1. State the number of residues belonging to segment 91-135 that are buried (at least 18 other Cβ atoms within 10 Å of the Cβ) and either basic (Lys, Arg) or closer than 23 Å to Met163 by Cα (or both).
2. Can you find a residue that is among the aromatic types (Phe, Trp, Tyr) and part of a strand (DSSP E or B) anywhere in segment 186-197?
3. Among the numbered conditions (1) surrounded by 15 or more Cβ atoms within 10 Å (Cβ to Cβ); (2) of a type in the set (Val, Ile, Thr); (3) not in a strand (DSSP E or B), tell me where Val20 comes up short.
4. Does segment 7-29 include one or more residues that are β-branched (Val, Ile, Thr), over 15 Å from Leu155 (Cα atoms), modelled with pLDDT of 90 or more and in contact with a helix residue (DSSP H, G or I) (Cβ under 9 Å, 6 or more places away or on another chain)?
5. For Thr137, work out the one condition from (1) modelled with pLDDT of 90 or more; (2) in a helix (DSSP H, G or I); (3) within 17 Å of the chain's Cα centre (by Cα) it doesn't fulfil.
6. Working carefully through the options Asn94, Asn49, find the one that is within 15 Å of the chain's Cα centre (by Cα) and more than 20 Å from Glu215 (Cα to Cα).
7. Residues in segment 155-166: is at least one surrounded by fewer than 21 Cβ atoms within 10 Å (Cβ to Cβ), touching a residue at least 12 places away in the same chain (Cβ under 8 Å), in contact with a helix residue (DSSP H, G or I) (Cβ under 8 Å, 6 or more places away or on another chain) and part of a helix (DSSP H, G or I)?
Amino acid sequence: MSEYKVEVKDLCKNFGSLEVLKNCNFNIKRGEFVCVVGPTGCGKTTFLNTLTCLIPPTSGQILIDGEPADPKKHNLSFVFQEPSAMPWLTVEDNIAFGMKLKGWDKAKIKDRTDKIINLMGLNKSRKQYPHELSVSTEQKVVIGRAFAMEPDLLLMDEPYGQMDIKTRFYLEDEVIRLWKELGSTVLFITHNVEEACYLADRVLILSNKPASVKEDLSLTMPRPRDIASPEFIEKRVHVENAIKWW
């Protein structure tokens, strides 16, 4: 078995004559939390959609556990910017949805659902429907549903983009707690540099279009991170400067 959970080799994506991704190379270790940042319009969404196999690459390889990524074989979970809980399902049924779809054993589904509900502090809401929840609580349900699937790779695309700063910090701490407890491998796309430095073990900085990995920055600051510390500010400024392409 490969030492890496995810390996991306010479990934390219063209739309006709337009080059969007060019020779992207990086690896993600098991249980690692990696954030992706880059200039506006550099191709982060295309990058994500290619990694999720929603669109095929023009060339290159995406390997999971040393084998070509295949949604039929590998568990790829997603959390997008807009809350996407099933409106006709309760909180607990939303979290169990993917596991039922995969045909998991009923006892395992119940145990996993209960564990996620407890970890996310959703016990009081478990019988409620999405329309009865705040936006941040609904997004917690969506995040819990994604983690519940024991994903080979969890891809998160600016899941807090629409939220105020206080709510973002709250949900960032929640997702870190869940990630540490469950040991998932996470790739998190954001345009918010502070968020990337707060969450990530490593930050991948994309170049302007056609996007490639311009820099792979390791972050070893202890958690929970102090956004006012000199080390944090130094890393944040470094990433901000690296993103600038003009």
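1. 11
2. Within segment 186-197, the subset among the aromatic types (Phe, Trp, Tyr) is 188.
After this cut, where a residue has to be part of a strand (DSSP E or B) as well, the list is 188.
Checked segment 186-197: at least one residue is among the aromatic types (Phe, Trp, Tyr) and part of a strand (DSSP E or B).
3. (3)
4. Kept after step one, since they are β-branched (Val, Ile, Thr), are these residues of segment 7-29: 8, 20, 28.
Still in the list and also over 15 Å from Leu155 (Cα atoms): 20.
If we keep only those that are modelled with pLDDT of 90 or more as well, we get 20.
Retained after the next criterion (residues that are in contact with a helix residue (DSSP H, G or I) (Cβ under 9 Å, 6 or more places away or on another chain)): 20.
Within segment 7-29, one or more residues are β-branched (Val, Ile, Thr), over 15 Å from Leu155 (Cα atoms), modelled with pLDDT of 90 or more and in contact with a helix residue (DSSP H, G or I) (Cβ under 9 Å, 6 or more places away or on another chain).
5. (3)
6. None of the others qualify; the one that does is Asn49.
7. No, segment 155-166 has no match at all.
Conditions tested, residue by residue: (1) hydrophobic (A, V, I, L, M, F, W, C); (2) at pLDDT below 85; (3) at positive phi; (4) in contact with a His (Cβ under 7 Å, 6 or more places away or on another chain).
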{"residue": "Thr45", "(1), (2), (3), (4)": "no, yes, no, no"}
{"residue": "Pro57", "(1), (2), (3), (4)": "no, no, no, no"}
{"residue": "Ile62", "(1), (2), (3), (4)": "yes, no, no, no"}
{"residue": "Pro68", "(1), (2), (3), (4)": "no, no, no, no"}
{"residue": "Val79", "(1), (2), (3), (4)": "yes, no, no, no"}
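The values are calculated or read from the model by the stated rules, or taken from the named source; none is laboratory data. For clarity, every value in this text was computed on a predicted model and none was experimentally measured. Here Cβ is always computed from backbone atoms with ideal geometry, including for glycine, and neighbour counts include all displayed protein chains.
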